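Notes follow the structure.
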Amino acid sequence: MILIVRKVSQVVGDNDKTIDILTLVGILVVVAVLIYIQVKPYPMDYVDGKLLVDPKKMMNDCFKACGAFLGLLLGSYVERHYIHYEIPFGYKNLPILASVSVTLLFIWKTYFEKATIIPLLGGHWGNLVSRFGMTFIGLTLIPYLIMKCARESQQQTAA
């Protein structure tokens with residue numbers, strides 16, 4: 001997947017229109033995958049009374065991946081068109097903000113989603129929404145807040 005993304009990135013370059021079309025195609029692929037995994041028959045094979053593959057677990061994992069991919073697609077769209085994140089080199093609090101951000105996303109994944117979103121929406125859709133939210137926040141809100149803090153720090157230093 002990384003090699004494919006690298007090759008597509010080399011071909012597309014900075015062409016925003018093409019990137020937006022690819023984002024839309026990615027969203028349509030996710031929708032198709034979600035439809036497929038819900039209508040696909042799953043074999044219930046047992047060996048010595050144990051189920052070989054649990055279809056519910058497989059579907060939950062796929063919903064998580066689809067949610068994260070949707071978060072990546074839509075988060076990168078929002079970042080490209082509205083946030084325009086640039087690493088604030090020289091900003092002394094950047095390592096602290098980055099560490100706090102990673103910790104908050106870890107808490108989201110480990111505790112928050114299991115205590116709130118998944119019980120509210122159920123396993124499949126709860127996993128999708130939770131992973132979407134985590135990835136989307138990581139690509140949009142966190143970079144926006146880091147840039148805002150860096151700008152405010154620069155303004156205070158200049159004043």
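The values are calculated or read from the model by the stated rules, or taken from the named source; none is laboratory data. Model, not experiment: these values are computed from the prediction. No Cβ is skipped: glycine too gets one built from the backbone with ideal geometry, and neighbour counts run over all protein chains shown.
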Which one of these does LEU52 not meet: (1) closer than 30 Å to MET147 by Cα; (2) among the hydrophobic types (A, V, I, L, M, F, W, C); (3) touching a strand residue (DSSP E or B) at 6+ places or on another chain (Cβ under 8 Å)?
(1)
Only helices (runs of 4 or more DSSP H) wholly contained in the stretch 2-113 count here; list those with 1 or more residues that are within 20 Å of THR140 (Cα to Cα) and either small (Gly, Ala, Ser) or in contact (Cβ under 8 Å) with a residue 12 or more places away in the chain (or both).
16-39, 55-78, 94-107
Members of the stretch 23-50 found to be surrounded by 12 or more Cβ atoms within 10 Å (Cβ to Cβ) and more than 17 Å from the chain's Cα centre (by Cα), listed by number
ILE37, TYR42
All-but-one check, TYR91 against (1) within 13 Å of MET147 (Cα to Cα); (2) modelled with pLDDT of 90 or more, failing number (2)
Which listed residue is closer than 23 Å to VAL33 by Cα and either surrounded by fewer than 14 Cβ atoms within 10 Å (Cβ to Cβ) or among the β-branched types (Val, Ile, Thr) (or both), from ILE118, ILE87, ILE146, ILE96:
ILE118
Test: residue in the stretch 51-63 that is surrounded by 13 or more Cβ atoms within 10 Å (Cβ to Cβ), under 13 Å from the mean Cα position of the chain (by Cα) and either at pLDDT 95 or above or more than 27 Å from GLY26 (Cα to Cα) (or both):
yes
Scan the stretch 123-133 and tell me whether some residue there is modelled with pLDDT under 95 and hydroxyl-bearing (Ser, Thr, Tyr).
no
